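Okay, so here's the structure we're looking at.
The values are calculated or read from the model by the stated rules, or taken from the named source; none is laboratory data. What you are looking at is a predicted structure, and each value in this text was computed from that prediction instead of being measured. Glycine gets a Cβ as well: all are built from the backbone with ideal geometry, and neighbour counts include every protein chain shown. Accessible surface is based on the protein model in full, side chains and every heavy atom, while ligands, DNA and RNA are left aside. Shrake-Rupley method; radii C 1.70, N 1.55, O 1.52, S 1.80 Å.
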Amino acid sequence: IYNNNEITPKEIYHFYQSGVLDGVVLMEIEYNDKRVEFLTSRHVPLVLIGRTGKDDKLSFVDRDFETDGEAAVNYLSKLGHTSIALIRVRRSEKDTGISADIRFFESIKKACKQLGVTLWDRYSENSAAAGRETFIKLRNEHPEISAAITLGDYLTFAFVNAANEFGIKVPKDYSILA
């Protein structure tokens with residue numbers, strides 16, 4: 001079940017109690033996910049796609065975002081980059097923090113600190129216009145940035161395109177990990 005407010009934890013519990021559901025698979029898990037707290041307190045069988053920020057001994061399937069973030073920064077540092085941008089996509093105005101996003105950001109921040117790499121953290125919409133605008137703004141405000149980690153397909157395509165427009169060759173002059 002997606003985290004989109006179309007169904008409440010109480011409704012999920014009602015379906016479970018009535019026998020319509022034998023258990024629940026929850027997606028887009030927040031760092032402090034109220035759905036997980038509510039349903040586990042009522043002993044509803046759960047499997048999570050993602051995980052909370054707590055070690056709550058639940059079954060989950062997730063990518064190792066901590067290792068991914070560290071590996072990305074290590075790779076860029078080995079290429080000689082000393083100033084990088086992380087461009088994240090805000091999922092909505094009410095974004096309370098998807099756990100994977102938080103853990104990925106924290107691992108990148110930690111790796112940058114350990115390696116002495118300057119990190120510029122920015123949010124962008126996942127659109128072509130926003131990707132282009134983000135590149136131009138970063139280039140004007142922080143010309144020392146020579147690499148970016150981007151977390152949105154449309155913004156990444158436009159980011160690369162904007163770099164090319166300004167004569168910056170990817171990956172020769174500027175590295176992008178997406």
Gyration tensor verdict on the range 58-120 (Cα atoms; rounded if a/c is under 1.5, prolate if a/b is larger than b/c, oblate otherwise) = oblate
Excluding the sites themselves, what is the longest stretch of the chain that contains no GluC sites (Glu not before Pro) in a DSSP loop with at most 12 other C-beta atoms within 10 Å?
-> 7-92
Could you pull out every one of the lysines with an alpha carbon less than 23 Å from that of LYS54, ignoring same-chain neighbours closer than 8 positions?
-> LYS10, LYS34, LYS94, LYS109, LYS110
Quick one, could you list the DSSP H helices from the chain stretching 15 Å or more along their long axis (Cα atoms) with average Kyte-Doolittle hydropathy of -1.0 or above?
-> 65-78, 99-115, 128-141, 153-165
Among the aspartates and glutamates, which fall within straight-line cross-link reach of LYS137, defined as a Cα-Cα distance under 16 Å, with same-chain neighbours fewer than 8 residues apart omitted?
-> ASP121, GLU125, GLU165
With label points built 7 Å along Cα→Cβ from the Cα atoms of LYS10 and SER41, find their separation and express it in nm.
-> 1.3 nm
Evaluate the distance, in nm, between pseudo-label points positioned 7 Å from the Cα of ASP153 and of ARG63 along their respective Cα→Cβ axes.
-> 1.3 nm
Mind grabbing the accessible area of TYR13 for me, 1.4 Å probe, Å², rounded to tens?
-> 50 Å²
Would you mind getting me the FRET efficiency between ASN140 and VAL170? Use the beta-carbon distance for r and R0 = 22 Å, nearest 0.05.
-> 0.75
